[in-house]
Amino acid sequence: LKTIRQFYICNAISICSILNLSAQASLTPEYELKAVFLYNFSQFVDWPSGSFTSAESPIVIGVIGENPFGTYLEETVAGEKANGHPVIVRYYHVADEITDCQIVFLNLPEGKKREQVLTGLNGQHILTVSDTPDFLKKGGMIRFFTKNNKMQLEVNLEAVKTAGLVMSSKLLRLVQIFQAKKNN
């Protein structure tokens, strides 16, 4: 009898969680997982010393374009620190707004605007992340993709190195390495 009650309680909690998620129409469990990954990147990437104006400066996770996370990204990082820095979230509409940012998730449609944003961020110490198919070919650093119903990561190490960032070997063990095809 106790096991049956626990089963019903767990189901009720699950249903409440699902109803809460449906209130945020654009939020899906996929983006909840991506939000957690974005926070974890702050712990497994090292930025050059000049990337922060002070030891108390926050690590900023930015989102440019439509926000697919609802409030979940902010909830994920609330009160968290990474390497002694508080972690905060900011939202951007144009690339020129992206200053003092360490991680940026690009949620822009394919095309000129996304390429302009990537070009504008090139050479800065900003980890660029997206889930669009050609993101790494265009110079992005980390791409989320799904394979066999599992979230996977692909990394463009050349772009990471060019930005002066260093990824932990713990993170690199979990990713596929992007190999740009060279024209002969």
**Q.** Rough spin-label spacing in nm, given labels placed 7 Å along Cα→Cβ, for ASN148 and ASP100
**A.** 4.5
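So, for the stretch 42-184, what is the accessible surface per residue at a probe of 1.4 Å, expressed in square angstrom?
Working: 7950 Å² over 143 residues.
In whole numbers, the stretch 42-184 has 56 Å² accessible per residue.
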(Q) Give me the one-decimal nm value for the distance between modelled label points at LEU174 and SER49, 7 Å along each residue's Cα-to-Cβ direction. (A) 2.9
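Over 30 Å between Cα atoms: which of LYS112/LYS170; LYS137/LYS170; LYS113/LYS170; LYS81/LYS113; LYS81/LYS137 fall into that group?
Violating the 30 Å limit, Cα to Cα: LYS112/LYS170; LYS113/LYS170; LYS81/LYS113; LYS81/LYS137.
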Q. In whole percent, how big is the carbon plus sulfur part of the accessible area of the stretch 28-184, probe 1.4 Å, protein atoms only?
A. 49
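Can you give the charge dipole size of the stretch 33-184 about its Cα centre, rounded to the nearest 20 debye, using +1 on the beta carbon of Lys and Arg and -1 on the beta carbon of Asp and Glu?
Values: 16 positive and 15 negative charges, 149 e Å.
The dipole of the stretch 33-184 has a size of about 720 debye.
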**Q.** Accessible surface ranking that places the most exposed of ARG173, ARG90, ARG143 first, with a 1.4 angstrom probe
**A.** ARG173, ARG90, ARG143
Q: Starting from the Cα of LYS150, draw a straight line to each of the aspartates and glutamates and keep only those under 20 Å, dropping any in the same chain fewer than 8 residues away.
A: GLU30, GLU32, ASP131, ASP134
Q: Quick one: order MET151, MET167 from most to least accessible surface, probe 1.4 Å.
A: MET151, MET167
Q) Taking a 1.4 Å probe, which of LEU174, LEU165, LEU33 shows the most accessible area, and what order do the others take after it? A) LEU174, LEU33, LEU165
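What order do you get for 122-130, 77-85 when each peptide is scored by the mean count of other beta carbon atoms within 10 Å, highest first?
Averaged packing, sorted descending, gives the order 122-130, 77-85.
The values are calculated or read from the model by the stated rules, or taken from the named source; none is laboratory data. Because the structure is predicted, anything quoted here is derived from the model rather than measured. Reconstructed Cβ throughout: ideal geometry from the backbone, glycine too, with neighbour counts over all protein chains shown. These accessible areas exclude ligands, DNA and RNA; they are computed on the full protein's heavy atoms, side chains included. Shrake-Rupley method; radii C 1.70, N 1.55, O 1.52, S 1.80 Å.
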